[in-house]
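Worksheet: the structure to be examined is printed underneath.
The values are calculated or read from the model by the stated rules, or taken from the named source; none is laboratory data. Source: prediction; values computed, not measured. FYI the Cβ positions are ideal-geometry reconstructions off the backbone, even for glycines, and counts take in every protein chain you see.
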Amino acid sequence: MIPIPEEAVTALRAVMGQTALIPDLCALLYPDWWADRHEHEAQVRHEIHTDFLERWWPDDESLKTAAKKGELVQEAGYFWGGSSLERFRIVAQFMIWLFMWDDEFDCGNLQTNSEQAAICCRDTLAFLKWCLEVPRSDSEAPPDGQHNSGCLQDILAAMQASLSHVSMRRFADSLYAYVNAVGEAQQHRLAGLPLWNDYIDNRLLNIAMFPCILAIEYSHNLKIPAWVIDSKEMQSIARETVVSVVVANDIFSFKKEALVGQIDNALFLKVALSTHRNFQLGLEETIQELVESRDRFKASESQLLGSEEYLKLPQDVQEDVKAFILVCKFMIVGNVKWSKGTKRYLLEDAPDGVTIVNLKTKKN
């Protein structure tokens, strides 16, 4: 178990042994939103499981097994629903890389080795910049180092061939920010419990959702004006997409993380910062955060689509903006569906879409 602050140990001891029931969040929170499995999911899953993973991570058996068991291609399909086969293949590969790279920090060799974690972040950034900061000489070899990110050369090249310079610049910067944020999270992993707002602000960056959102332009071949992406309304939509994904995923992943003493979790934080130490009550308080995030998303969407600037856009551009927002909804709803169903999180199903989170430890 990872060493954690004493205040967190106390909170974990209080909730272990309790059981909470997660209601059907899609029906409760997003009854008018939807997300479907991708029509090319089976084909891309086969390609990734039999070729892509073996090519790029030939010796990482435990991580490959976890990636397959976690149904990550299904998650990618929910996230980028409706994309073409060619573009879905690329974003699904990107999601696999995110998982394989991040899991080394969460539960792999870099989990408690801050020195090696810092080296990995440094070398990853160097490789990303070699891929993204073009032009460069065709004869210039990629930098060596501890990063295991070679697959990104082809993935990022495909995106560069499609996206505008401005869109690719924005995506690249978000990817750099993600890698830096993971490194900083690793450095502070053993610190005390953060306040709620501080936790959310940090998780917004180290969960890699902003790069996933910015990849929507590529996945659906959209042309979004820079001012739309930079507008306070679209920035709010993107932020609330990430907040919703973070908080919902933390709810479903709580048991898996609690069992190994991992405290970077919104549901755990709600319980730990409370005086009630009640798992079910903490869950209900966390769900309320999702309600408020959804309401902020919908308000920003209404403001953007009703603005004079938006209404002056050509019809095809308006449709692209609507499509971008729709895919953000796919990510929110799809994350709930994937998190609810993945075997990674050790959950139990109950009638009426309810999910059981049982923290009772079995006696030998």
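Cβ-Cβ distance below 7 Å, separation of 6 or more or different chains: which pairs start in segment 161-175 with a residue that is within 16 Å of Leu222 (Cβ to Cβ) and at pLDDT 95 or above and end on one that is of a type in the set (Gly, Ala, Ser) and part of a helix (DSSP H, G or I)?
Listed pairs, sorted by first residue: Val166/Ala226.
Against the definition (within 19 Å of the chain's Cα centre (by Cα) and within 23 Å of Ala215 (Cα to Cα)), how does Val134 come out, yes or no?
It is false that Val134 is within 19 Å of the chain's Cα centre (by Cα) and within 23 Å of Ala215 (Cα to Cα).
Would you please name the residue that is nearest to Thr19 (Cα to Cα), looking only at residues in segment 338-364 that are crowded, with 19+ Cβ neighbours inside 10 Å and not aromatic (Phe, Trp, Tyr)?
Val357
Inside segment 259-277, can you point out the residues that are closer than 16 Å to Ile356 by Cβ and modelled with pLDDT of 90 or more?
Hit for segment 259-277 is Leu267, nothing else.
If Asn202 satisfies every condition in (1) more than 16 Å from the chain's Cα centre (by Cα); (2) closer than 27 Å to Thr286 by Cα; (3) free of Cβ contacts under 8 Å to residues at least 24 places away in the same chain but one, which is the exception?
Of (1) more than 16 Å from the chain's Cα centre (by Cα); (2) closer than 27 Å to Thr286 by Cα; (3) free of Cβ contacts under 8 Å to residues at least 24 places away in the same chain, only one is false for Asn202: (1).
Right, Leu281: more than 20 Å from Ile200 (Cα to Cα), among the aliphatic types (A, V, I, L, M), over 19 Å from the mean Cα position of the chain (by Cα) and surrounded by 14 or more Cβ atoms within 10 Å (Cβ to Cβ) or not?
It is false that Leu281 is more than 20 Å from Ile200 (Cα to Cα), among the aliphatic types (A, V, I, L, M), over 19 Å from the mean Cα position of the chain (by Cα) and surrounded by 14 or more Cβ atoms within 10 Å (Cβ to Cβ).
Restricting the search to segment 219-233, which residues are in a helix (DSSP H, G or I) and either out of contact with any Phe, Trp or Tyr (no Cβ under 8 Å at 6 or more places or on another chain) or small (Gly, Ala, Ser) (or both)?
Ser219, Ala226, Trp227, Ile229, Asp230, Lys232, Glu233
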